[in-house]
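The values are calculated or read from the model by the stated rules, or taken from the named source; none is laboratory data. This one's a predicted model, so the numbers in the text were calculated from it and none came from an experiment. All Cβ positions, even for glycine, are placed from backbone atoms using ideal geometry, and neighbour counts span all protein chains on display. To get the accessible areas, we keep the full protein, side chains included, count just its heavy atoms, and leave off ligands, DNA and RNA. Shrake-Rupley method; radii C 1.70, N 1.55, O 1.52, S 1.80 Å.
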Amino acid sequence: MPRIALFQLMQEISSFNPGKSHLDDFLIQHGEPWIAADRGSVHEIGGALSVFEADSEVVLVPTISARSNSSGGIFAADDWDALSERLIHSLDQLKDQPIDGIYFCMHGAMATESEMDPEGFILEHARKLLGVNIPFVTSMDLHGILTDRMLAHSNAIVPYHTYPHIDQYETGVRAAKLLLRLIHEELQPVMTRVKIPALVRGDELVTETGLFGECLRLARQIEDSDAGLAAGMLIGNPFTDVPELRTNVVVTLDGDQDLATQYAREMAELFWVHRERMQVPLITVSEAVKQTVRFHTEEESASPVVLVDAADATSSGASGDSNILLRALMENRYPGTLLLPIVDAPAVQRAIEAGVGATLRLTLGGTVDPGRFTPLEVEATVRQLSDGNFHSESFQLPWRSGLTAVLQIGTYTVVVSSQPVNLFDRSFFLAHGQDPAQFNTVVVKSPHCEPHMFKASAGLYLDVDAPGSTSANLRYLGHSVCPRPMFPLDDEVEFELEVETYPC
């Protein structure tokens, strides 16, 4: 009866967000209560459980799950010390138990003040603890940063195959099935990797419609081949400025090193030839406001304008306290209705003290990243207050925005949270009684959401070149740690295609 351990560590940070992330940003669960909470869920652990629990012989040994409520700035050193102690302790409990395999569910774009590769650190510790004969399968977000340590201590890397990410459940299924094969079959996994000096953003990354989808379809074909075990591309999180940030191809086959090398080369070449087009065209804030005003005064369309402020995407690690578009629309006397999210704990506290129905003067924005955003003075009416606890639209995970207030500023509705929360779907708005479809203009602080959420119904959809710690205008950010030269940070970047092999 195979005994399989489960471990989860999920966080994505932006090194350019001056606000650090902390231990209380994480939802930490242990043992059977963790499994009970995630059983039937539509993310990786739910997918893996559907496979493991369908096999009556599998005995699950859950260790710990640490999942960040949202992304943020670099993880504070003291908090990492506290979290890593708990993570290591959970693994150390496995030392005297018979364990036949471990599934590690990782994001891959975490970084702390004292450890630039937390996921690799954990995998290395587990390998030293349990030895080289126990198979480790590690699933990762395709924005994960694949490091030498992760590869050295994993028998296979199983990345997402979709963007926007809709295959977390399927990724967990793939990882679990592969781990069972590694336990039961006489496989000889060979893992190959190609490092590509490129960081990419934009619509061409959308799996169903963009050029990047060609690479991921090839990855799926490789996995479906006779020797295929796992394959994918990890484009990294461009905002996690760490020593091994880049794009990576990873292919794992059963025994055939030459074929694995051929597949890895093919995928890398396919990606590199399209790299120039994998950049999002941006328009200035002033032009975005001009087009928004014109659309609703001249076009007289009922369809909403969607202003994409991906530079302040909390799901990518941004601070969430940008008021740039709110300020610009106010200064240009935009007459339509507006829906916008913002992080501002002091403003929420002022609203709580005033109470629902009160009108007060306060400032919005610039509380986390004052170097980029200046607090904006407004007069607002408090429409709603909440504890900020709700479940995500996409995965029904518990999300926490902290104490939250809905403020009305003329025709503008601002949903103000005390702490950052993921914004890659409509959950935050809907949980606070705001249907984006009912507004003339919506500010979306995420580079991409599933099309039906905003884009499909938009009369005008604009990617705005606003300041922020997750700007798609990557040269603006000021990378100082990642390898150079790097496309598009540098001009005339050369790519010498080399395939590395990791016998597992």
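Quick check on this structure: which one of PHE75, PHE121 is open to solvent by less than 30 Å² (accessible area, probe 1.4 Å), modelled with pLDDT of 95 or more, in contact with a helix residue (DSSP H, G or I) (Cβ under 9 Å, 6 or more places away or on another chain) and aromatic (Phe, Trp, Tyr)?
PHE75
Is it true that some residue in the range 245-252 is open to solvent by less than 40 Å² (accessible area, probe 1.4 Å), of a type in the set (D, E, K, R) and over 30 Å from LEU329 (Cβ atoms)?
Yes, because at least one residue in the range 245-252 is open to solvent by less than 40 Å² (accessible area, probe 1.4 Å), of a type in the set (D, E, K, R) and over 30 Å from LEU329 (Cβ atoms).
Taking the condition over 28 Å from VAL481 (Cα atoms), at pLDDT below 95 and open to solvent by 40 Å² or more (accessible area, probe 1.4 Å), does ILE183 pass?
When the stated conditions are applied, ILE183 does not pass them.
Sort out which residues of the range 210-222 are under 19 Å from THR138 (Cα atoms) and crowded, with 19+ Cβ neighbours inside 10 Å, and write them in order of number.
The answer is LEU216, ALA219, ILE222.
Assess whether LEU362 counts as being modelled with pLDDT of 95 or more and farther than 30 Å from ARG294 by Cβ.
yes
Restricting to the range 424-446, name every residue that is open to solvent by 20 Å² or more (accessible area, probe 1.4 Å) and of a type outside the set (S, T, N, Q).
Those that are open to solvent by 20 Å² or more (accessible area, probe 1.4 Å) and of a type outside the set (S, T, N, Q): PHE424, ARG426, LEU430, ALA431, GLY433, ASP435, ALA437, PHE439.
Output the number of the condition that GLY468 fails; it satisfies all remaining conditions of (1) small (Gly, Ala, Ser); (2) open to solvent by 40 Å² or more (accessible area, probe 1.4 Å); (3) out of contact with any strand residue (DSSP E or B) (no Cβ under 9 Å at 6 or more places or on another chain).
(2)
State whether one or more residues within the range 164-179 are closer than 19 Å to TYR263 by Cα, outside any helix (DSSP H, G or I) and open to solvent by less than 20 Å² (accessible area, probe 1.4 Å).
no
Evaluate the range 356-377: report whether one residue or more is in contact with a strand residue (DSSP E or B) (Cβ under 8 Å, 6 or more places away or on another chain), of a type in the set (Asp, Glu) and surrounded by 17 or more Cβ atoms within 10 Å (Cβ to Cβ).
no
Which ones in the range 188-209 are surrounded by fewer than 20 Cβ atoms within 10 Å (Cβ to Cβ) and in a loop (DSSP other than H, G, I, E, B)?
Passing the criteria: GLN188, VAL206, GLU208, THR209.
Residue-by-condition table, conditions (1) surrounded by fewer than 24 Cβ atoms within 10 Å (Cβ to Cβ); (2) more than 26 Å from SER394 (Cβ to Cβ); (3) at pLDDT 95 or above:
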site: SER286; (1), (2), (3): yes, yes, yes
site: HIS296; (1), (2), (3): yes, yes, no
site: ASP309; (1), (2), (3): no, no, yes
site: THR314; (1), (2), (3): no, no, no
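Considering only residues that are of a type in the set (A, V, I, L, M) and surrounded by fewer than 18 Cβ atoms within 10 Å (Cβ to Cβ), look in the range 482-499 and name the one that is nearest to ASN237 (Cα to Cα).
Result: VAL493.
Looking at PRO341, PRO346, which one is open to solvent by 50 Å² or more (accessible area, probe 1.4 Å), under 27 Å from ASP25 (Cα atoms) and not in a loop (DSSP other than H, G, I, E, B)?
Sole residue among the options that is open to solvent by 50 Å² or more (accessible area, probe 1.4 Å), under 27 Å from ASP25 (Cα atoms) and not in a loop (DSSP other than H, G, I, E, B): PRO346.
Quick one: how many residues across the range 132-146 are surrounded by fewer than 23 Cβ atoms within 10 Å (Cβ to Cβ) and β-branched (Val, Ile, Thr)?
2
What number goes with the only condition from (1) in a loop (DSSP other than H, G, I, E, B); (2) touching a Lys or Arg at 6+ places or on another chain (Cβ under 9 Å); (3) aliphatic (A, V, I, L, M) that VAL251 does not pass?
Of (1) in a loop (DSSP other than H, G, I, E, B); (2) touching a Lys or Arg at 6+ places or on another chain (Cβ under 9 Å); (3) aliphatic (A, V, I, L, M), only one is false for VAL251: (1).
I'd like the residue in the range 22-48 that is closer than 30 Å to ASP312 by Cα and without any contact (Cβ under 8 Å) to a residue 60 or more places away in the chain and, out of all such residues, is surrounded by the fewest Cβ atoms within 10 Å (Cβ to Cβ).
Among them, the one singled out is ASP24.
From the list THR240, THR261, exactly one residue is in a helix (DSSP H, G or I), among the β-branched types (Val, Ile, Thr), modelled with pLDDT of 95 or more and out of contact with any His (no Cβ under 8 Å at 6 or more places or on another chain). Which is it?
Selected residue: THR261, the only one of THR240, THR261 that is in a helix (DSSP H, G or I), among the β-branched types (Val, Ile, Thr), modelled with pLDDT of 95 or more and out of contact with any His (no Cβ under 8 Å at 6 or more places or on another chain).
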